[in-house]
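The values are calculated or read from the model by the stated rules, or taken from the named source; none is laboratory data. Here the structure is a predicted model, which is why all the values come from computation and not from measurement. Please note that ligands, DNA and RNA were not included when accessible areas were found on the heavy atoms of the full protein model with its side chains. Shrake-Rupley method; radii C 1.70, N 1.55, O 1.52, S 1.80 Å.
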Amino acid sequence: MGRIPKFRCVDSIPEVTFFKPVGIPYRVLEEVCLSVEEAEAIRLKDLVGFEQTECARRMNISRPTFHRILGAARGKLANALLNGKAIRIEGGTFEMKKRRFFCINGHQWDVPFHDMISAPPRLCPTCESPNIIAIQPHKPGDRGRGRGNIRKAAIE
Ligand SMILES: [Zn+2]
């Protein structure tokens, strides 16, 4: 029996999810694939600059797990940068901390992930319109192969 994967919390999915080095034809281009939680680890530690303990707390994982994810992420980025490979950010075992909803009248609000699973909102809290929609955690127009993975990982 496999263990049920523990979801890592992420605040957001990067807007840009594919990076390609200049001057390398696609047919010989190699790719490294960064999971969404690996990208989040880089963001928290190297971009925002939190201590590892704080990063781990924010992602709802242990410090050793965070350390391992961060190490894997840095290794992949180094591999891509120094060996001229493309970087794709997709998939993983994560959940969004919250999901943004819009109503037909233009109101928007955020619903925490666990609330959305246990009791999905039915009405806009402002105007009580039932015509509401959740924004999916992928870019509109992103038809890359990561889309299904990201959605699956975020919702299941
Ligand atoms: Zn509304």
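Tabulated data for the structure shown
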read-out	value
Fraction of beta bridges assigned by DSSP in the range 21-118 that are antiparallel (%, nearest 5)	55
Surface share of carbon and sulfur [accessible, 1.4 angstrom probe, percent] for the range 3-55	58
Whole-angstrom gap from the range 41-84 to the range 12-39, using each part's C-alpha centre	17
Prolate/oblate/rounded label for the range 1-62 (Cα gyration tensor, a/c 1.5)	oblate
Above-threshold pairs, the threshold being 26 Å between Cα atoms, out of 6/76; 6/85; 20/97; 45/76	6/85; 20/97
